[in-house]
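Worksheet: the structure to be examined is printed underneath.
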Amino acid sequence: MALYSEKVMDHFRNPRNVGVIENPDGVGEVGNPVCGDIMKIYLKIDNDIITDVKFETFGCGSAIASSSMATEMIKGKPISEALKVTNKAVTEALDGLPPHKLHCSVLAEEAIRKALQDYYERNGLDYDHSQFPDCESCGHCHGA
Ligand code: FES
């Protein structure tokens, strides 16, 4: 069996939503200290709907494929739906990632959450802080 699914290869070779949004409503940047990869997600939000999303990922092929898939999964969706996009959901949508590459999809989940948190903060909106665990309490990246 091939190491990477066709979907992973497709999103790696033809990533969707690559780029930058000028004047974004929220930006989330996360990095994995172990592999050194960095992912940045830009959001445009109108009336609780993610009307546009772009990403820049300086990282491995799985991280690029995860960002591409994750942005497709949240585009046009309400914030509440975007908050449900877990790394597991991204991995499943990609028809799987090799076990040692699962952490790459974690970056996508974290970058989306960080961008949404940034949106809340910028607009002085109330939000449920428990939905956005800080780095110390997470530990995701340490398993890379
Ligand atoms: Fe670091 Fe993929 S190897 S995100």
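The values are calculated or read from the model by the stated rules, or taken from the named source; none is laboratory data. Predicted model only: the values in this text are computed from it and were never measured. Calculation scope for accessible area: heavy atoms of the full protein, side chains included, ligands and nucleic acids excluded. Shrake-Rupley method; radii C 1.70, N 1.55, O 1.52, S 1.80 Å.
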| request: Write down the accessible area per residue of segment 1-43 in Å², having rolled a 1.4 Å probe over the full set of protein chains. | output: 58
| note | Note to self: Kirkwood Rh of segment 20-144, Cα pairs, one decimal, Å, is 14.3
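Taking all protein chains as present, what is the carbon and sulfur share of the accessible area of the chain, in % to the nearest whole number, probe 1.4 Å?
Of all accessible area on the chain, carbon and sulfur atoms account for 51 percent.
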| said: List the residues, sorted by chain then number, that are 5 or more residues from residue 26 or on another chain and whose placed amide H is less than 5 Å from its amide H. | reply: 43
| task | Please say if segment 55-96 is rounded, prolate or oblate, where rounded means a/c under 1.5 for a ≥ b ≥ c the square roots of the C-alpha gyration tensor eigenvalues, and otherwise the choice is prolate for a/b larger than b/c and oblate otherwise? | result | oblate
